[in-house]
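A short write-up of the structure that comes next.
The values are calculated or read from the model by the stated rules, or taken from the named source; none is laboratory data. From a predicted model like this one, the values you see are computed outputs, not experimental measurements. Note that each Cβ is placed from the backbone with ideal geometry, even for glycine, and that neighbours are counted across all protein chains shown. Side chains are part of the model used for accessible areas, which takes the heavy atoms of the whole protein and leaves out ligands, DNA and RNA. Shrake-Rupley method; radii C 1.70, N 1.55, O 1.52, S 1.80 Å.
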Amino acid sequence: MAETRQGDPTGWVGWIFFAGVMMILGGSLNAVYGLIALLNDEWVVWGNRGTVYLDITQWGWVHLILGVLVLASGFGVLAGNVFARTIGVIVTAIAMVGSFLAMPIYPLWSVTLLVIEVLVLWALIVHGREVRE
């Protein structure tokens, strides 16, 4: 039987890399959503009573800025940066609230996301420092 020394990386390092890659993908997609909203700032919504035109420029800037922040933090998580891990924990906690609020609309998808987000939080909080070792 192989002995594990204290301080040796565990299998959770893979989940930390998963968290970093998910942050990179999510940040990239949010940045793209932001760019699309900035380039096409009028959105048409068809409702039961007519058409609604929305100006989504502000949401475009929010998505673009947050997307770039999450993207950079994802690379930082992969490099073992403590500040990037902190940003990852904050962003994941906010995403958990969003998943919980979306549960009445998309119950199966929300529960799936909540499970993934709990695993990402566990990996970042408990095993995050193993990436640098």
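Surface composition of the chain: carbon plus sulfur atoms hold 71% of the accessible area, using a 1.4 angstrom probe and ignoring ligands, DNA and RNA. Accessible surface calculations at 1.4 Å, restricted to protein heavy atoms, place the chain at 69 Å² per residue.
A simple rule links phi to the HN-Hα coupling: the Karplus curve 6.51 cos²θ - 1.76 cosθ + 1.60 with θ = phi - 60°, which for the range 92-109 gives 5, 5, 5, 5, 5, 4, x, 5, 5, 5, 8, 4, x, 8, 10, x, 5, 5 Hz, with x for Gly and Pro.
Relative to the Cα centre, what is the charge dipole magnitude of the chain, using +1 at the beta carbon of each Lys and Arg, -1 at the beta carbon of each Asp and Glu, and rounding to the nearest 20 debye?
Details: 5 positive and 8 negative charges, 23 e Å.
Using Cβ point charges on Lys, Arg, Asp and Glu, the chain gives about 120 debye.
Working note: 222 nm ellipticity from helices only, DSSP H runs with n ≥ 4, each -39,500 (n - 2.57), summed and divided by the residues of the chain, gives -24500 deg cm²/dmol to the nearest 500. Note on ILE90 and GLU42: with the Förster distance fixed at 30 Å, the Cβ-Cβ geometry gives a FRET efficiency of about 0.40.
Taking label positions 7 Å along the Cα-Cβ direction at both SER28 and PHE75, the computed distance is 1.2 nm, reported to one decimal.
Taking all Cα pairs closer than 8 Å and separated by 6 or more residues, the relative contact order of the range 62-133 comes to 34 percent. Ligands, DNA and RNA aside, LEU38 has an accessible area near 40 Å² when probed at 1.4 Å. Using a probe of 1.4 Å on the protein chains alone, the accessible area found for ASP8 is around 50 Å².
Regarding the chain, what is the average projected area of its C-alpha convex hull, in nm²? Provide the component values of the computation, followed by the final result.
Working: hull surface 40.7 nm².
That works out to 10.2 nm², a quarter of the Cα hull's surface.
Output the relative contact order of the chain, whole-number percent, from Cα pairs under 8 angstrom with separation of 6+ residues. Kindly include the intermediate steps, with their values, before the conclusion.
Numbers: 176 pairs, mean separation 43.5, N = 133.
Relative contact order, the chain: 33 percent.
Sequentially through the range 22-33, phi angles give Karplus couplings (6.51, -1.76, 1.60; θ = phi - 60°) of 4, 5, 5, 5, x, x, 5, 5, 5, 5, 5, 4 Hz, Gly and Pro residues having no value and appearing as x.
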